[in-house]
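Student: Once you've had a glance at the structure underneath, I'll fire off some questions.
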Amino acid sequence: MAKAFGLILMLVALYIGMTIYTQGIENAYGGIFAPIAPSGGDSPMATHLTPAAGMADAPTERRPRRRITEAVRDRVTTDLEEGARRRGY
């Protein structure tokens with residue numbers, strides 16, 4: 001009985017997840033899972049979280065894609081150099 005209940009629970013979770021994935025969180029089940037309702041502004045993503053967010057410009061250029069290992073390596077190198085500079089090395 002417990003196995004059947006677990007299987008049914010997994011199928012329901014899969015159905016809910018696939019519906020949200022295909023329709024989006026705003027449209028799935030009438031927006032019941034939407035954490036923040038859109039404000040109805042000119043943009044469908046306008047939520048009026050903060051005044052500064054409404055004044056932000058869209059990104060003008062796309063950054064080149066990098067492998068995650070390169071970004072981590074650069075960050076670690078920068079942190080190590082900053083630590084050495086603080087200690088006077």
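The values are calculated or read from the model by the stated rules, or taken from the named source; none is laboratory data. Quick caveat, the model's predicted, so the values are computed rather than measured. Here Cβ is always computed from backbone atoms with ideal geometry, including for glycine, and neighbour counts include all displayed protein chains.
Student: Determine which single condition residue 65 fails, assuming it passes every other condition in (1) assigned to a loop (DSSP other than H, G, I, E, B); (2) surrounded by 10 or more Cβ atoms within 10 Å (Cβ to Cβ); (3) at pLDDT 65 or above.
Tutor: (2) is the only condition that residue 65 fails.
Student: Among the charged types (D, E, K, R), assigned to a helix (DSSP H, G or I), modelled with pLDDT of 85 or more and surrounded by 10 or more Cβ atoms within 10 Å (Cβ to Cβ), is that true of residue 73?
Tutor: Numbers: among the charged types (D, E, K, R): yes; assigned to a helix (DSSP H, G or I): yes; modelled with pLDDT of 85 or more: yes; surrounded by 10 or more Cβ atoms within 10 Å (Cβ to Cβ): yes.
Yes: the conditions hold for residue 73.
Student: Going by the conditions given, is residue 30 at positive phi and either in contact with an Asp or Glu (Cβ under 7 Å, 6 or more places away or on another chain) or at pLDDT below 80 (or both)?
Tutor: Values: at positive phi: yes; either in contact with an Asp or Glu (Cβ under 7 Å, 6 or more places away or on another chain) or at pLDDT below 80 (or both): yes.
Yes: the conditions hold for residue 30.
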